[in-house]
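Working notes, beginning with the structure itself.
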Amino acid sequence: MNLLIMGPPGAGKGTQAILIKNMYNLVHISTGEMFRKAYMDKEPLGILAHEYIKKGELVPDDITLSLVEETLKKVPIKQGFILDGFPRTLNQAVKLDEILERLSLKIDAVLNLVISYESLVERIIGRRICKNCQAVYHITRMKPKVEGICDLCGGELIQRKDDTYEAITRRYEIYNQTSKPILDYYQKKNLVYNINSEDNIEVSFIHVQKLLEGLNDNAKK
Ligand code: AMP
């Protein structure tokens, strides 16, 4: 099963993608996470990308596409994958299809997480991530056992540089401008499934699971 997960910043893409990856044994590819890791590792590409990310802007397509293409060559993509945060422009969507065609692969579904602006601001402002392993927490919704420390690896929890009001406003604006053409592109292929992401993580994941079980059943028929 090859999936894309879309939705505005703070909709829960990363959290749902990890739950889906674990349940269906997929490879999880998050472009945002790849950029953050490359920045923390002081890689030139990461430092370049950070200049755009901290302002809430998209990283230019040439940088993003080369990173994705390189990653797709390295991971065991044939076992199935979930792409999180990519594509974010129509050009990326078209290029992704070209890459997948070369690999004789295709997208099975696009999960589009739907959430109100008020909820996503609340989620983003309270979000904390592990500096070391990038696990995601929230100051009220998903607290670590020990404040400021990652449950999984003991790393320090920090706020992302782009999780500020200024950057959120810009990121949301960009999402509204760029997501429609991408959703229209996949809608024409009948691949888009809207998921209500307003509820808590567990309830949203039940919606996701119901959908994916349905898709799996149909694929077997
Ligand atoms: P995310 O972790 O998905 O919220 O991504 C964090 C930031 O990384 C975004 O706000 C963008 O600046 C950048 N980014 C992630 N994925 C992409 C992409 N596919 N294209 C361009 N920029 C991206």
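The values are calculated or read from the model by the stated rules, or taken from the named source; none is laboratory data. None of these values were measured; they are calculated from a predicted model. Methodologically, a virtual Cβ is constructed for each residue, glycine included, from the backbone with ideal geometry; neighbour enumeration extends over all protein chains shown. The accessibility values were calculated without ligands, DNA or RNA, using every heavy atom of the protein model including side chains. Shrake-Rupley method; radii C 1.70, N 1.55, O 1.52, S 1.80 Å.
Hey, can you tell me all the residues within region 19-36 that are within 15 Å of I129 (Cβ to Cβ) and among the aromatic types (F, W, Y)?
If the condition is that a residue be within 15 Å of I129 (Cβ to Cβ) and among the aromatic types (F, W, Y), then F35 is the only one that fits.
So V110 fits all but one of (1) out of contact with any Phe, Trp or Tyr (no Cβ under 7 Å at 6 or more places or on another chain); (2) touching a residue at least 60 places away in the same chain (Cβ under 8 Å); (3) outside any loop (DSSP other than H, G, I, E, B); what number is the exception?
All conditions are met except number (1).
Exactly one condition in (1) of a type in the set (S, T, Y); (2) more than 16 Å from the ligand (Cβ to nearest atom); (3) surrounded by 16 or more Cβ atoms within 10 Å (Cβ to Cβ) is not met by T31; state its number.
(2)
Select from region 67-112 the residues that are within 12 Å of the ligand (Cβ to nearest atom) and of a type in the set (A, V, I, L, M, F, W, C) and write down the one among them that is surrounded by the fewest Cβ atoms within 10 Å (Cβ to Cβ). Working first, answer last.
Restricting attention to region 67-112, the residues satisfying the condition of being within 12 Å of the ligand (Cβ to nearest atom) are 67-68, 71, 83-93, 95-96.
Next, only the ones that are of a type in the set (A, V, I, L, M, F, W, C) stay: 67-68, 83, 86, 90, 93, 96.
Details: L67: 20, V68: 20, L83: 25, F86: 22, L90: 16, A93: 19, L96: 19.
So, considering only residues that are within 12 Å of the ligand (Cβ to nearest atom) and of a type in the set (A, V, I, L, M, F, W, C), the one surrounded by the fewest Cβ atoms within 10 Å (Cβ to Cβ) is L90.
Assuming A11 fulfils every condition listed in (1) at pLDDT 90 or above; (2) closer than 22 Å to E166 by Cα; (3) within 8 Å of the ligand (Cβ to nearest atom) apart from one, which condition is it?
With (1) at pLDDT 90 or above; (2) closer than 22 Å to E166 by Cα; (3) within 8 Å of the ligand (Cβ to nearest atom) applied to A11, the lone miss is (3).
I need the full set of residues from region 52-66 which are within 9 Å of the ligand (Cβ to nearest atom) and either open to solvent by 10 Å² or more (accessible area, probe 1.4 Å) or assigned to a helix (DSSP H, G or I) (or both), in order please.
Y52, I53, K54, K55, E57, L58, V59, P60, D61, I63, T64, L65
Could you check region 95-135 and list, in sequence order, the residues that are over 21 Å from T169 (Cα atoms) and of a type in the set (A, V, I, L, M, F, W, C)? Break it down into steps so the answer makes sense when it comes.
Keep residues of region 95-135 that are over 21 Å from T169 (Cα atoms), which gives 95-111, 130-135.
Once the filter is applied, which keeps residues that are over 21 Å from T169 (Cα atoms) and of a type in the set (A, V, I, L, M, F, W, C), region 95-135 yields L96, I99, L100, L103, L105, I107, A109, V110, L111, C130, C133, A135.
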